[in-house]
Amino acid sequence: MNKEITVLGLESSCDDTAAAIVRGRDILSSVVADQTALHAAYGGVVPEIAARAHAEKLDLCIERALDDAKVTLNDIDVIAVTAGPGLIGGVLSGVMMAKGLSAATGTPMIGVNHLAGHALTPRLTDNVGYPYLILLVSGGHCQFLRVDGPTAFSRLGSTIDDAPGEAFDKTARLLGLTQPGGPAVERSALSGDESRFAFPRPLLDRAGCDLSFSGLKTALLRQRDALIADQGGLHPQDVSDLCAGFQAAVRDVLVEKSRRALDASTGITGFAVAGGVAANTELRAALKALSAARDLPFIAPPLALCTDNAAMIAYAGAEIFAETGADDLSLSARPRWPLDQSAPAALGGGRKGAKA
Ligand code: KG4
Ligand code: ZN
């Protein structure tokens with residue numbers, strides 16, 4: 001990017017309503033209104049409730065983002081909005097808001113792929129040079145992407161069923177632990193023995209970088225039920241050992257597939273991870289060691305920028321705008337929008353991945 005433009009970013013593709021102002025690599029403000037409380041009673045995100053909440057909260061988030069950044073709409077050079085993939089009602093709320101603002105102020109607007117936002121975050125936080133490899137690993141995504149430019153992505157592999165965060169959340173539910181499941185499983189695993197129970201290492205016998213996590217949940221369910229049938233319930237140590245075994249299986253699979261993805265990535269400047277699951281200490285350490293063994297910089301952006309936010313959309317919007325120019329008012333909201341148009345669709349792909 002040659003000029004440090006000021007970008008308003010909007011994100012509303014799942015259950016976080018977010019607005020942010022980014023100038024160059026400076027995040028002037030980043031507001032995230034999460035909807036956890038609204039969906040808590042339903043055990044998952046209800047699309048209609050999410051869409052209504054986005055429509056109600058977007059203008060408030062934008063106002064706060066402008067206030068926090070001490071700028072006005074007149075200072076904004078570009079409006080960047082997540083135009084997919086995601087829940088269509090939420091994506092539409094953001095796209096319509098961006099169009100309204102753009103039409104009213106004459107400010108150019110650009111639609112951003114949500115996954116491009118995640119994938120370009122290491123450039124926002126660490127100014128990593130192209131090309132680099134990124135592993136997106138969250139409750140909604142799991143894929144390896146080689147990033148050659150703001151609009152040049154190659155998918156090396158992705159989950160064919162659940163995303164790892166989804167598997168952590170289900171594991172926690174099956175063992176009576178709190179949500180979100182990742183941190184609870186990680187805590188319990190600290191006092192567990194990862195070798196007590198046998199967990200599979202799905203898809204390691206298949207060449208390539210595709211992943212699968214739904215079998216781990218089935219394995220866990222079987223072990224849990226066998227213990228309950230045998231002893232009438234679960235001891236805290238059983239829960240810890242199950243958590244440790246499950247976490248080790250996820251770690252091993254992600255490490256081995258990362259090794260293959262790195263082998264297949266010539267000339268890269270670094271290996272990055274993003275997404276909520278990248279907060280897992282054991283996983284992070286194992287991936288860092290893998291990178292270090294190759295003398296490759298390992299980039300793990302701070303968690304607030306790994307999870308859904310609008311700063312990543314604003315930053316990606318700036319880079320994409322510099323390359324392609326603005327979108328016009330015909331910009332449409334896309335529930336499905338693969339980053340790598342040439343990659344074949346994965347079978348499942350996690351909560352958001354099938355669409356991605
Ligand atoms: O990226 P994220 O905030 O949201 C989306 O999925 O879009 O990721 C949330 C996921 C949840 O499934 C949560 O259980 C998982 O990340 N997670 C973790 C940890 N912290 C959060 N998984 C494993 N270990 C953790 N420490
Ligand atoms: Zn996301």
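The values are calculated or read from the model by the stated rules, or taken from the named source; none is laboratory data. Model, not experiment: these values are computed from the prediction. Heads up, the Cβs are rebuilt from the backbone with ideal geometry, glycines too, and the neighbour counts pull from every protein chain shown. Heads up: the accessible areas ignore ligands, DNA and RNA and are worked out on the full protein's heavy atoms, side chains in. Shrake-Rupley method; radii C 1.70, N 1.55, O 1.52, S 1.80 Å.
Along the three principal axes, how long is the chain when you take its alpha carbons, biggest first, rounded to the nearest angstrom?
68, 47, 34
As an exercise, identify the chymotrypsin sites (Phe, Trp or Tyr not before Pro) in segment 40-149 lying in DSSP coil whose Cβ has no more than 16 other Cβ atoms within 10 Å.
Working: sites: Tyr42, Tyr132, Phe144; in loops: none.
Of the chymotrypsin sites (Phe, Trp or Tyr not before Pro), not one in the loops of segment 40-149 has a Cβ with at most 16 other Cβ atoms within 10 Å.
What distance in nm separates the simple spin-label points at Tyr42 and Thr266, each placed 7 Å from Cα in the Cβ direction?
A separation of 4.9 nm, rounded to one decimal place.
Each residue of segment 233-247 in order: what ³J(HN,Hα) in whole Hz does its phi give by Karplus 6.51 cos²θ - 1.76 cosθ + 1.60, θ = phi - 60°, with x for Gly and Pro?
Going residue by residue, I get x, 10, 7, x, 5, 4, 4, 4, 5, 5, 4, 5, x, 5, 4 Hz, with x marking Gly and Pro.
Computing the accessible area with a 1.4 Å probe over protein heavy atoms, can you report the carbon and sulfur percentage for the chain? Could you put the intermediate results ahead of the total?
Details: 7730 of 14440 Å².
Here carbon and sulfur together make up 54 percent of the probe-accessible area.
What does the charge add up to near Gly117, with Lys and Arg as +1, Asp and Glu as -1, over the other residues with Cβ less than 9 Å from its Cβ?
Neighbour charge sum, excluding Gly117 itself: -2.
Each residue of segment 197-214 in turn: what ³J(HN,Hα) in whole Hz from Karplus with 6.51, -1.76, 1.60 and θ = phi - 60°, glycine and Pro shown as x?
10, 8, 10, x, 10, x, 6, 5, 7, 9, 5, x, 10, 6, 10, 8, 10, 5
Could you pull out every residue, at least 5 positions away or on a different chain, whose amide H is within less than 5 Å of the one on Ala272? Hs are placed 1.01 Å off N in the peptide plane, and Pro or chain starts have none.
Leu133, Ile134, Leu135, Ile299
Tell me the angle of helix 281-292 to the major Cα principal axis of the chain, expressed in degrees between 0 and 90 and rounded to the nearest ten.
The answer is roughly 70 degrees.
At a 10 angstrom cut-off on C-beta neighbours, averaged per residue, how do the peptides 311-324, 115-128 rank from highest to lowest?
Highest-to-lowest ranking by the protection proxy: 311-324, 115-128.
Where a ≥ b ≥ c are the square roots of the eigenvalues of the C-alpha gyration tensor, would you call segment 79-150 rounded, which needs a/c under 1.5, or, failing that, prolate if a/b is larger than b/c, or oblate?
Oblate is the answer for segment 79-150, as a/c is 1.5 or above yet b/c matches or exceeds a/b.
Considering only DSSP states other than H, G, I, E and B, which GluC sites (Glu not before Pro) in segment 1-74 qualify as loop sites with at most 15 other Cβ atoms within 10 Å?
Glu4
Would you mind computing the Rg to Rh ratio of segment 210-304 from its alpha-carbon coordinates, Kirkwood style for Rh?
Rounded to two decimals, Rg over Rh is 1.09.
So which of Lys70/Lys99; Lys217/Lys288; Lys170/Lys257; Lys99/Lys170; Lys99/Lys257 end up more than 29 Å apart by C-alpha?
Beyond 29 Å between Cα atoms: Lys99/Lys170; Lys99/Lys257.
What are the residues whose amide H is under 5 Å from the amide H of Asp327, where those residues sit 5 or more places off or on another chain and H is modelled from the backbone?
Met109, Ile110, Gly111
Hey, quick one: spin label on Glu4, modelled 7 Å out along Cα-Cβ, who in segment 28-48 has an amide N within reach, i.e. under 16 Å?
Output list for this probe position: 28-29.
Looking at the chain, send over the antiparallel percent of its DSSP beta bridges, to the nearest 5.
Approximately 65 percent, going by the DSSP bridge assignments.
How large is ³J(HN,Hα) for each residue in segment 135-148, as worked out from phi by the Karplus curve 6.51 cos²θ - 1.76 cosθ + 1.60 (θ = phi - 60°), to whole Hz, x for Gly and Pro?
Computed from phi, the couplings for segment 135-148 are 9, 8, 9, 9, x, x, 10, 7, 7, 9, 10, 8, 10, 9 Hz.
Subtracting the Cα-Cα distance from 0.36 nm times the residue separation, let me have the gained length for Ala289 to Leu190 in nm, one decimal.
Value of the extension gain: 33.7 nm.
Taking the C-alpha atoms of segment 130-296, how large are the radius of gyration and the largest Cα-Cα span, Dmax, in Å?
According to the Cα coordinates of segment 130-296, Rg and Dmax are 16.4, 56 Å.
How would you rank 261-268, 179-186, 70-77, highest first, on the average number of other Cβ atoms within 10 Å across their residues?
Values: 261-268: 15.5, 179-186: 19.8, 70-77: 13.8.
The most tightly packed comes first, giving 179-186, 261-268, 70-77.
Just the accessible area per residue of the chain, please: how many Å² with a 1.4 Å probe?
Values: 14440 Å² over 356 residues.
Result: 41 Å² of accessible area for each residue.
Kindly provide the trypsin sites (Lys or Arg not before Pro) of segment 160-223 that DSSP labels as loop, not H, G, I, E or B, and whose Cβ sees at most 16 other Cβ atoms within 10 Å.
Answer in residue order: Arg196, Arg206.
What fraction of the DSSP beta bridges in segment 130-296 is antiparallel, stated in percent and rounded to the nearest 5?
If I count the DSSP bridges inside segment 130-296, around 70 percent turn out antiparallel.
Please list, ordered by chain and number, the residues whose modelled amide H lies under 5 Å from the amide H of Gly157; skip anything fewer than 5 residues away on the same chain.
Those lying under 5 Å, H to H, from Gly157 are Phe144.
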